[in-house]
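Inspection log for the structure reproduced underneath, given as structure tokens.
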Amino acid sequence: MASRKTLKSVSHNFGHSFVSLMNFIETDYFLGLLLKEMRKTKLNRLDVDILNDKSYPKELLTLKILKSIGYWNKSFPKLVENSGSSMEYVKSAKMIIEFDLALSRVCSHDKQFIENPYVCEITILDDNGKEYRKQQNGWWFPEN
């Protein structure tokens, strides 16, 4: 029987995978590509509506970034079902990735890179109005 309780782990697992080394797109990791665009545009927050596959602001949405977001959004229902829950329980699923562009440091393992801290927050709202929220955070840098 499907359970709403596992939506908490879905929020954790989706965010963790999204910002991990598993999310490599052609030339760089997703967070590196996103940070590069954020530094260019001075916009520091990406909002993603996972269920409706919509993201903004558009200034951050390069083809590579859109490709990755689309891939992960498409895989979301399978993650929900594999967790023992059901998409019937999911009313909304949103992700916010925010970098602190004012705070930076030299990357500890490679002095040629400057990294910034980020927070990735996933919020799933179930059909009973309960929120399942999880944050991932760390530091990242663009590779090129």
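When the residues of the range 128-141 are narrowed to those that are more than 16 Å from the chain's Cα centre (by Cα) and in contact (Cβ under 8 Å) with a residue 40 or more places away in the chain, which ends up surrounded by the fewest Cβ atoms within 10 Å (Cβ to Cβ)?
If we take residues in the range 128-141 being more than 16 Å from the chain's Cα centre (by Cα) and in contact (Cβ under 8 Å) with a residue 40 or more places away in the chain, then Asn128 is surrounded by the fewest Cβ atoms within 10 Å (Cβ to Cβ).
Looking only at the range 40-54, decide whether some residue is within 24 Å of Phe141 (Cβ to Cβ), modelled with pLDDT under 95 and exposed (fewer than 14 other Cβ atoms within 10 Å of the Cβ).
No, the range 40-54 contains no residue that is within 24 Å of Phe141 (Cβ to Cβ), modelled with pLDDT under 95 and exposed (fewer than 14 other Cβ atoms within 10 Å of the Cβ).
Determine which member of the set Lys58, Lys78 is under 30 Å from Lys5 (Cβ atoms) and surrounded by fewer than 15 Cβ atoms within 10 Å (Cβ to Cβ). Don't jump to the end; show me each part of the working.
Numbers: Lys58 fails: under 30 Å from Lys5 (Cβ atoms).
One residue alone meets the criteria, Lys78.
What's the total number of residues in the range 1-55 that are farther than 19 Å from Lys91 by Cβ, of a type in the set (A, V, I, L, M), in contact (Cβ under 8 Å) with a residue 24 or more places away in the chain and part of a loop (DSSP other than H, G, I, E, B)?
Total satisfying the criteria: 1.
Do we find that Ile25 is farther than 19 Å from Gln135 by Cβ, of a type in the set (Val, Ile, Thr) and surrounded by 15 or more Cβ atoms within 10 Å (Cβ to Cβ) in this structure?
Criteria met by Ile25.
Give all pairs with beta carbons closer than 6 Å in which a residue from the range 85-109 that is at negative phi and assigned to a strand (DSSP E or B) meets a residue that is basic (Lys, Arg) and surrounded by 12 or more Cβ atoms within 10 Å (Cβ to Cβ); count only pairs at least 6 apart in sequence or on separate chains.
Listed pairs, sorted by first residue: Glu98/Arg45.
The values are calculated or read from the model by the stated rules, or taken from the named source; none is laboratory data. Note that the structure is predicted; figures quoted are calculated from it, not measured. Counting neighbours? That spans all protein chains shown, and the Cβs are built from the backbone with ideal geometry, glycine included.
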